[in-house]
Amino acid sequence: MALGPRLDIRQSQSLVMTPQLQQAIKLLQLSNMDLTTFIDQELERNPLLEREDTERGAERTEPAADASDLPVLDSIPPEAPMLDGMNAGSVEDGMDVDYDNTFNNDSAADCIDGEAFGQWSSKSGGSHSFDDGENSLDHVAAGEISLRDHLTAQINVDVQDPGDRLIGLHLIEMLDEAGYLIGDLAELAERLGCPSERVERVLKTVQGFDPVGVFARSLKECLGLQLAERNRLDPAMQTLLDNLEMLARRDLNGLMKVCGVDAEDMTEMIAEIKQLDPKPALAFDHVVAQAVTPDVLMRRAQDGSWLVELNSDTLPRVLVNARYYAKVAGAARSKDDKTYISERFQSANWLVKSLHQRATTILKVATELVRQQDAFFRLGVQHLRPLVLRDIATAISMHESTVSRVTSNKYIATPRGIYELKYFFTQAINSADGGESHSAESVRYRIKALIEAEGKAVLSDDRIVEILKAEGIDIARRTVAKYREAMNIASSVQRRREKSLEN
């Protein structure tokens, strides 16, 4: 067989990340604040884009039918689409909102220039190209961390239970600038639908966070947390904290009498008190707190179901100025002018289409989340059901990566507070009888309840596994031990020893 060169023609299919697809993906994961910044930049860059004005709504005209292969969507409808939380099928029929399949390589790709779609807004107000270039992370100056970010990072690492994380995030929002907890814990427990004891338990956990003394409810508690951290909270020091008003009056003789110490000890105790920080949170960056504006609103309908709708205040309202396009296109003479006008027109059309599909996708994902977490909204945090990205993606026929982008930096206002969409995902524990899986949070809650009710007969981890399997929960002993340790519950040996000492 002779060897020699030859030419072959082959056909193949491949997914091409066009600039339009890259922009659509970036728009989907932007928060509403970042999206507003991005839209402002596009309005400055593209003369054919304009912000929708209700007074000019009647003057809008459609562009010529042969001007573009892409449909022109002037703006997101002024009245945000509303869905029944239990019926996600009322989304516009035929609207494909899967960003991994919707945007294909079409004829418009040849008319889009890199400037319009090659940048996106950064949180600092600047812009970064898709290929980064000189705007990589190495060139971004690090800003001072805020107290909220510092505490949230610790919650994500140290608090394993998703329900407890939700409680902890609420506690963070109840802090003042000095780091003191303001507000009523009983009201928080009622709003979240959980026992007050659970809120108190989470509070004890977060009071161990850095900076020491944060989440205190009084000066006495703040100083006590710091002294306990230094292992200096002995009975005499505790008595001193109980009588801080005497220290303020400089009643040292009275303090020595109630504390049972001499003058030298009292001097040392006061010196230790002076070394403490009565306002532990002031060391952090205190920028003006920006209230979270929810992307999705949720409320109960008259029939008891949930109504889910987009927050119209966060929807960017931009449209293509078709009249101006027709005017400048007719006046263009040179080839460069015609090319520029065509590129701007295609860019504007694609941006409006991307914004509309972004809004529809967020609504679709949020509606399915509400449907699947119905028990949480009705009964409380202990009823969070196990949920992963795949569950939502399968239910609404989207890719998991699309659901992941939608649930990041998007918030929903519910009767139980404002939550980021991603917080409704929790791990699952298999059912022993092959039935419906159990939420990891609900299993932790059951383990805690068993230990609290054990009495003199201390339950070992193996015994807890047997009880849970009898209740239809398939769980390993090491998992029970992990959950128990995460809740700061001692082992059966330690609990048995403590009970024997009490007797």
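State whether the residues of region 409-418 include one that is touching a helix residue (DSSP H, G or I) at 6+ places or on another chain (Cβ under 8 Å) and assigned to a helix (DSSP H, G or I). The answer is no; no qualifying residue exists.
For ARG385, the conditions (1) under 30 Å from ARG51 (Cα atoms); (2) not in a helix (DSSP H, G or I) are fulfilled apart from (1). Within region 218-247, being closer than 15 Å to GLU268 by Cβ, more than 42 Å from the chain's Cα centre (by Cα) and either polar (S, T, N, Q) or assigned to a loop (DSSP other than H, G, I, E, B) (or both) holds for one residue alone: THR239. Comparison of ARG300, ARG344, ARG358 shows that the only residue that is within 23 Å of LEU49 (Cα to Cα), in contact (Cβ under 8 Å) with a residue 40 or more places away in the chain and out of contact with any helix residue (DSSP H, G or I) (no Cβ under 6 Å at 6 or more places or on another chain) is ARG344.
Listed by first and then second residue, the pairs linking a residue in region 399-413 that is over 13 Å from TYR423 (Cα atoms) to a residue that is at pLDDT below 85 and outside any helix (DSSP H, G or I), with Cβ atoms under 7 Å apart and 6 or more places separating them unless they lie on different chains, are HIS399/ASP98; THR402/ASP98. Scanning region 374-415 for residues that are of a type outside the set (A, V, I, L, M, F, W, C), buried (at least 17 other Cβ atoms within 10 Å of the Cβ) and over 16 Å from the mean Cα position of the chain (by Cα) returns GLY380, GLN382, HIS383, ARG385, PRO386, ASP391. Is it fair to say ASP8 is assigned by TED's automatic domain parsing to the domain that holds GLN346, surrounded by fewer than 16 Cβ atoms within 10 Å (Cβ to Cβ) and among the charged types (D, E, K, R)? When the stated conditions are applied, ASP8 does not pass them.
Summed over region 167-192, residues that are outside any helix (DSSP H, G or I) and exposed (fewer than 14 other Cβ atoms within 10 Å of the Cβ) total 4. Summed over region 298-328, the residues that are more than 27 Å from the chain's Cα centre (by Cα), assigned to a loop (DSSP other than H, G, I, E, B) and closer than 30 Å to ILE341 by Cβ give a count of 1.
Test ALA348 against the criterion of being modelled with pLDDT of 85 or more, assigned to a helix (DSSP H, G or I), surrounded by 21 or more Cβ atoms within 10 Å (Cβ to Cβ) and in the same structural domain as GLN41 (by TED's automatic domain parsing), and give yes or no. Considered against the rule, which asks whether it is modelled with pLDDT of 85 or more, assigned to a helix (DSSP H, G or I), surrounded by 21 or more Cβ atoms within 10 Å (Cβ to Cβ) and in the same structural domain as GLN41 (by TED's automatic domain parsing), ALA348 comes out as yes. Within region 444-487, being touching a residue at least 40 places away in the same chain (Cβ under 8 Å) and in contact with a helix residue (DSSP H, G or I) (Cβ under 7 Å, 6 or more places away or on another chain) holds for ARG444, TYR445, ILE447, LYS456, VAL458, ILE473, ILE475, TYR483, MET487. Residue count for region 193-217 under the criterion of being part of a helix (DSSP H, G or I) and either touching a Lys or Arg at 6+ places or on another chain (Cβ under 6 Å) or not hydrophobic (A, V, I, L, M, F, W, C) (or both): the result is 7.
The values are calculated or read from the model by the stated rules, or taken from the named source; none is laboratory data. Given the structure is predicted, the values throughout are model-derived calculations rather than measurements. Cβ atoms come from the backbone with ideal geometry, glycine included; neighbour counts cover every protein chain shown.
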